[in-house]
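Novice: If you scroll down you'll find the structure; I have some questions about it.
The values are calculated or read from the model by the stated rules, or taken from the named source; none is laboratory data. From a predicted model like this one, the values you see are computed outputs, not experimental measurements. Every residue, glycine as well, gets a Cβ built from its backbone with ideal geometry; the counts of neighbours run over all protein chains shown. Each accessible area value is taken on the protein alone, full model and side chains, heavy atoms only, with ligands, DNA and RNA left out. Shrake-Rupley method; radii C 1.70, N 1.55, O 1.52, S 1.80 Å.
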Amino acid sequence: MTSCRCSSPRPISPLAPAIARELAVLVERGDTGYTPPDPGVAVAYAAFAERRFGWAVDPARVRVTCDVMMGVVEILRAVLTPGDRVVVTPPVYPPFYDCVPEAGGVVERVPLRDTGGGVGARSRRHRRGAGIRCASRAAVQSPQPHRDRAHAGGARASRRDRGGPRGDRRQRRDPRAVDPPGVEFTPFLSAGAAAERVGFAVVSASKAFNLAGLKCALMVTASDERSAVVSGLPAEVEWRTGLFGARAALAAFAPESDEWLDGLRAALDANRRLLADLLAEHLPRARYRLPDAGFLAWVDLSDYGWGDNPAVKIRREAKVAFHLGPYFGAEGAAHVRINFGCAPEVLREAIERTAALVE
């Protein structure tokens, strides 16, 4: 039996044409060297952010780097002192647990809970900032929207009306290809003066445009103080940027890729709904909240009695590769993460094979 991958499946569509053309040109002329000091990505992203989000980004407050997690590590390393706590919100992207100690910090886990209408911090004590009781200051490493629970939450526009965040926040966010129609996305740094004062955003075209292996991300700030931190990072942080990544990002952020991006969003919207229908038909005891954003589904299979890590059984017996729930934190027990950014027929086959395991 052939295997069926829904942890990192083949893309839902080919590369955006503008990106494919740009990469082909580079290969044809043998241009595989270093990235120039200013590849133009900051200006391109500023235009993209204004066009797609209505967010005014100052290109002078942007620096490029190799990838999102490298940007997060370098920023944390620049602002933390030993003993500082960095809040992560499991179940969450596993590299978050590794990048904090790499930067010299200590992970403070603040698990999410299901509120019935969304997700939120586990308790009032946690909402106040766990790092305040453990150290002199706290950092919050926050994917926006939450990468693995895929809920927009505080990323919605209503944040503009609040008093603003507390502590240093690191925003990790890929472009809007993952927000389905009807969900309004508000970039954290556009949420008001408090966000500008405390925040960093590390963004990339990598997930929306399937460019993760090409290596280019941007560190964005919105205040003089935060800009000084990013400007003060070593020059090598920028030199790690890949030439193919920078050129692909230029093409991704260009207006000619907007139509492709809108098509991808529509396809992801259809797939998140298809998954709900497939689960209802074939695995009715599975629990799945239709995500606000992203291409990742968080599915609770605890009622089937397949143990704390059901993805192992599913891969071994059904030959379907979902991601391991516990890998994202203890809160992932009995869960799987499904990447629905794939062809609908792949998604259908994966759920049907899994359902065949039910006795």
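Novice: Would you mind working out the accessible area per residue for the range 212-359, using a 1.4 Å probe, and quoting it in Å²?
Specialist: On the way: 6140 Å² over 148 residues.
Accessible area per residue, the range 212-359: 42 Å².
Novice: Let me ask something additional. Using θ = phi - 60° and the Karplus form 6.51 cos²θ - 1.76 cosθ + 1.60, what ³J(HN,Hα) does each residue of the range 344-359 get, whole Hz, x for Gly and Pro?
Specialist: Each residue of the range 344-359 in turn: x, 5, 5, 4, 4, 4, 4, 5, 5, 5, 5, 5, 5, 7, 5, 7 Hz.
Novice: Shifting gears a bit: Out of residues 5 or more away from Thr241 or on other chains, whose amide H comes under 5 Å of its own, with H placed 1.01 Å from N in the peptide plane?
Specialist: Distant-sequence amide H within range of Thr241: Cys66.
Novice: Could you give each residue of the range 22-36 its phi-based ³J(HN,Hα) in whole Hz, using Karplus coefficients 6.51, -1.76, 1.60 with θ = phi - 60°, and x for Gly or Pro?
Specialist: 4, 5, 4, 4, 4, 5, 4, 9, x, 8, 10, x, 6, 7, x
Novice: Apply the Karplus parameterisation 6.51 cos²θ - 1.76 cosθ + 1.60, with θ equal to phi minus 60°, to every residue of the range 220-231 and state each ³J(HN,Hα) to the nearest whole Hz, in sequence, with x for glycine and proline.
Specialist: 10, 10, 9, 9, 4, 5, 5, 4, 5, 4, 5, 5
Novice: In terms of modelled amide H atoms, which long-range or inter-chain residues lie less than 5 Å from the amide H of Glu108?
Specialist: Sorted by chain and number, the residues that satisfy this are Val86, Val87, Val88.
Novice: Could you tell me which trypsin sites (Lys or Arg not before Pro) in the range 275-321 are loop residues by DSSP with no more than 12 other beta carbons within 10 angstrom of their beta carbon? Don't skip to the end; give the middle numbers.
Specialist: On the way: sites: Arg285, Arg287, Arg289, Lys313, Arg315, Arg316, Lys319; in loops: Arg285, Arg289, Lys319.
Qualifying residues, ordered by number: Arg285.
Novice: Leaving out ligands and nucleic acids, and using a 1.4 Å probe, what accessible area per residue does the range 23-62 come to in Å²? Walk me through the numbers before you get to the answer.
Specialist: Values: 2250 Å² over 40 residues.
About 56 Å² of surface per residue is accessible.
Novice: Quick query: amide H of Asn210 versus all other amide H atoms, modeled in the peptide plane; which residues come in under 5 Å with a sequence gap of 5 or more or a different chain?
Specialist: When sequence neighbours closer than 5 places are left aside, there are no close amide H contacts.
Novice: For the range 28-79, just say rounded, prolate or oblate: build the C-alpha gyration tensor, square-root its eigenvalues into a ≥ b ≥ c, call rounded for a/c under 1.5, and beyond that prolate if a/b exceeds b/c, oblate if not. Please list the in-between numbers first.
Specialist: Numbers: a/c = 2.30, a/b = 1.12, b/c = 2.05.
Since a/c reaches 1.5 but b/c is at least a/b, the shape of the range 28-79 is classed as oblate.
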